[in-house]
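Here is the structure we will look at, set down as structure tokens.
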Amino acid sequence: MNNALLLLAFPLTAVFLIPVGTVFYKGFGRFLSMLSYLAGIVYGIYLFPSILAGSKTVIVGNWAPPFGINLFISPFSLGLVILIFSAAFIIMVTDLQNKGKSGQYYLLYTLFVMASAGMVLTGDIFNLFVFLEIGGIASFALIAAGASPMGSAGSLRYLIQAQITSLSMLAGIILIYSASGVLNIAVLAQFKTFNPAFAFLALALLLFPFMLESKLFPLHTWVGGAYLGADHPFAASMSGIAATAAGAVMLRIVLTLANPQSGFGTAGKSIQTMLIILGGITVLIGEGAAFTEKNFKKTLGYSSAGQMGIIAVGIGLATKDALAGVLFLILNHTAAKILLFSVAGLFSKVSGKEKWADMKGIGRIYPLPAALFAAGAMALFGIPMFSGFWGKLYVLKSAFALGGLAYAGAGAILLGTIFEGIYFMKISHTFFEKSDISLERKHYPFFGIPALFLAAVLLAPGLFPSILGPWVQASVKELLNPISGYVHIILTSGGAM
Amino acid sequence: METILFALSGLSLVMVGIFGILTKKNIIKILLGLNLMETGINLFVVAMGFFKGGKTPIITESFTASTMHFVDPLPHALVLTSIVIGLGTTALALTLTLNYFREHKHIEFRGDNA
């Protein structure tokens with residue numbers, strides 16, 4: 001029974017059917033892609049209670065590890081897959097107003113969502129590379145499809161940088177394979193005889209593309225062009241979906257492959273130090289760039305880099321508290337960025353402007369969206385009552401408890417947060433400033449409902465963090481005990497589905 | 001020795017490719033650099049499965065367990081996947097270059113285009 005494969009099969013089936021259906025009905029692409037995300041959400045939620053009781057592995061094609069590919073369905077991976085599908089569904093709902101998109105757009109978008117979910121689930125590093133490339137090719141095309149004159153320039157820059165990093169990942173994969181003869185993460189986690197320098201090189205090469213996707217310094221230079229080129233829904237997906245998947249893969253590789261009991265042991269510690277340093281620099285550079293940027297989409301893109309920097313610091317700290325914080329931050333970042341981009345999309349549409357400074361007084365005509373923007377900004381900033389508060393609090397608490405280099409990371413996060421607060425307050429204030437702007441007020445029902453839902457998602461875990469408790473505890477336990485959990489379940493094929 | 005030579009020639013192609021990507025402004029030349037880099041990595045992958053005197057990995061009746069002296073076939077399978085991905089990316093990149101040319105009337109990365 002390979003039922004959990006359906007999580008990837010739903011969107012993949014949609015991808016194959018969309019070109020056929022679009023011939024008969026133009027809206028088929030949107031309809032089927034949304035249906036496949038909904039199927040993924042419903043099926044994921046249906047599986048969730050049994051997975052919370054015990055993680056399971058799916059052996060593809062009856063080739064047991066280390067020979068075949070396996071998917072790992074655990075509270076952590078299944079939770080993030082549900083988050084990815086929900087994000088894709090909500091982004092599609094906020095975009096319902098826009099009627100002009102072709103079937104190909106939805107085909108590529110569904111492929112991108114499928115690849116992101118696959119990256120979170122897979123337990124094989126070459127399979128990870130294939131999913132990364134599928135997602136990558138879909139994103140290059142989607143950025144260029146954004147109908148902005150800058151689309152092709154931003155997309156080409158992203159393509160060149162992403163290809164260099166994914167080729168280095170291929171080199172890392174083959175180095176690991178030549179030394180060990182296996183590609184399965186669970187088997188590799190038990191390997192004992194790597195030279196520390198070799199292990200560090202191989203792991204760093206393996207992590208490069210995910211550092212690029214999560215916009216970590218110095219691999220963040222594509223952000224400006226790509227966000228400028230993409231349309232608002234896809235810019236939201238790059239922040240909400242691609243960065244979530246990249247964060248999940250970094251968590252899996254750093255904590256499972258590079259755990260102290262494996263052959264990568266000492267190299268794993270160096271990788272964690274590297275993530276703390278790069279994460280700290282990314283927070284400062286990302287928030288600093290967002291602080292000086294005037295283009296709305298670019299500002300939000302750079303702020304996303306800053307948030308991923310905090311997540312990288314949390315992964316580098318790798319304590320129980322820090323990882324709980326990281327999970328809160330991932331959820332918070334996904335929901336808040338979708339909300340902010342949908343407001344940005346609405347405001348650019350009604351005002352015809354691209355810079356937030358030109359949208360003075362728009363909040364007096366559209367008070368609800370502007371208020372929701374302020375709420376999303378406060379969630380990213382980490383004001384109490386929002387889930388971002390718990391995320392930042394746990395990461396900082398853990399950093400101050402560890403001391404040493406972690407102090408520098410904590411300092412960078414605090415300094416970055418000040419910048420973040422200033423520019424988000426400036427933008428929110430601009431919306432409510434008095435001006436002679438005159439716009440006719442129209443109703444956008446497809447904006448209001450998902451935006452209010454997202455605000456609720458940001459508020460609920462902030463007010464009652466215990467609703468996420470079982471998921472966070474199970475995920476942190478899984479990530480911190482890779483040998484008795486992840487490796488044991490896969491190698492004994494325990495709980496095979 | 002042969003494996004090292006094979007791997008080093010692959011890696012030197014990677015270096016040529018990186019040099020091209022870093023120094024050229026013309027998009028077509030950058031893409032050529034990217035393709036050189038990709039070919040280099042592919043050769044490196046194949047080199048990791050190679051050893052001197054290795055035979056083609058096809059099992060026939062004349063082989064027994066003791067005379068099987070095969071090169072590793074798995075890197076070959078990986079390289080096939082990688083070549084296909086490279087083809088797709090290059091085709092997409094060239095299409096994007098065409099779009100870029102239509103918008104900017106030149107095919108160079110200059111400081112003025114995001």
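Data for the structure
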quantity	calculated
Residues of the stretch A:421-435 classified as small (Gly, Ala, Ser), more than 10 Å from residue A:291 (Cα to Cα) and under 28 Å from the mean Cα position of the chain (by Cα), total	1
Check on residue B:110, over 27 Å from residue A:179 (Cβ atoms), within 11 Å of chain A (Cβ to nearest Cβ), open to solvent by 60 Å² or more (accessible area, probe 1.4 Å) and touching a residue at least 24 places away in the same chain (Cβ under 8 Å)	yes
Restricting the stretch A:108-132 to residues that are open to solvent by 10 Å² or more (accessible area, probe 1.4 Å) and within 14 Å of another protein chain (Cβ to nearest Cβ), the residue that is nearest to residue A:211 (Cα to Cα)	A:132
Tally, over the stretch A:345-363, of residues that are open to solvent by 20 Å² or more (accessible area, probe 1.4 Å), among the aliphatic types (A, V, I, L, M) and farther than 15 Å from residue A:297 by Cβ	1
Selection within the stretch A:96-115 - within 18 Å of residue A:25 (Cβ to Cβ) and part of a loop (DSSP other than H, G, I, E, B)	A:96, A:98, A:99, A:100, A:101, A:102
Only one of A:159, A:206 that is assigned to a helix (DSSP H, G or I), in contact with a Gly (Cβ under 6 Å, 6 or more places away or on another chain) and either among the basic types (Lys, Arg) or open to solvent by less than 20 Å² (accessible area, probe 1.4 Å) (or both)	A:206
Qualifying position, being closer than 23 Å to residue A:164 by Cα, away from every other protein chain (no Cβ under 11 Å) and modelled with pLDDT of 90 or more, among B:19, B:44	B:19
The stretch B:80-101, subset free of Cβ contacts under 8 Å to residues at least 24 places away in the same chain and open to solvent by 50 Å² or more (accessible area, probe 1.4 Å), residue nearest to the other protein chains (Cβ to nearest Cβ)	B:99
Matching residues, the stretch A:298-319, being open to solvent by 10 Å² or more (accessible area, probe 1.4 Å) and either closer than 15 Å to residue A:380 by Cα or in a helix (DSSP H, G or I) (or both)	A:298, A:302, A:317
Residue list for the stretch A:28-73, restricted to those being touching a Phe, Trp or Tyr at 6+ places or on another chain (Cβ under 8 Å), in a helix (DSSP H, G or I), under 27 Å from residue A:237 (Cβ atoms) and in contact (Cβ under 8 Å) with a residue 40 or more places away in the chain	A:29, A:30, A:32, A:33, A:34, A:36, A:37, A:38, A:40, A:41, A:44
Residues of the stretch B:20-75 that turn out to be more than 22 Å from residue A:174 (Cα to Cα) and either among the basic types (Lys, Arg) or assigned to a helix (DSSP H, G or I) (or both), as a count	12
Residue identified as modelled with pLDDT of 90 or more and among the polar types (S, T, N, Q) among A:273, A:334, A:266, A:319	A:334
Selection count, the stretch A:177-193, where residues are in a loop (DSSP other than H, G, I, E, B) and surrounded by fewer than 22 Cβ atoms within 10 Å (Cβ to Cβ)	6
Test: residue in the stretch B:32-44 that is open to solvent by 70 Å² or more (accessible area, probe 1.4 Å) and within 15 Å of residue A:152 (Cβ to Cβ)	no
Odd one out for residue A:174, checked against (1) more than 7 Å from chain B (Cβ to nearest Cβ); (2) open to solvent by less than 10 Å² (accessible area, probe 1.4 Å); (3) more than 19 Å from the chain's Cα centre (by Cα)	(1)
Every pair of residues 6+ apart whose Cβ atoms lie under 9 Å, when the first sits in the stretch A:347-370 and is under 18 Å from residue A:94 (Cα atoms) while the second is among the charged types (D, E, K, R) and assigned to a loop (DSSP other than H, G, I, E, B)	A:347/A:353; A:348/A:354; A:350/A:440; A:350/A:441; A:350/A:442; A:366/A:441
Scope the stretch A:234-250; condition over 19 Å from residue A:279 (Cβ atoms) and either surrounded by fewer than 24 Cβ atoms within 10 Å (Cβ to Cβ) or polar (S, T, N, Q) (or both); matching residues	A:237
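Per-residue answers, yes or no, for (1) among the polar types (S, T, N, Q); (2) closer than 27 Å to residue A:125 by Cβ; (3) more than 9 Å from every other protein chain (Cβ to nearest Cβ); (4) touching a residue at least 60 places away in the same chain (Cβ under 8 Å):
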{"site": "B:23", "(1), (2), (3), (4)": "yes, no, yes, no"}
{"site": "B:29", "(1), (2), (3), (4)": "no, no, yes, no"}
{"site": "B:57", "(1), (2), (3), (4)": "no, yes, yes, no"}
{"site": "B:78", "(1), (2), (3), (4)": "no, yes, no, no"}
{"site": "B:103", "(1), (2), (3), (4)": "no, no, no, no"}
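The values are calculated or read from the model by the stated rules, or taken from the named source; none is laboratory data. These figures come from a predicted structure and were not determined experimentally. Note: ideal-geometry Cβ built from the backbone for every residue, glycine included; neighbour counts use all protein chains shown. For accessibility, only protein heavy atoms count, side chains too; no ligands or nucleic acids. Shrake-Rupley method; radii C 1.70, N 1.55, O 1.52, S 1.80 Å.
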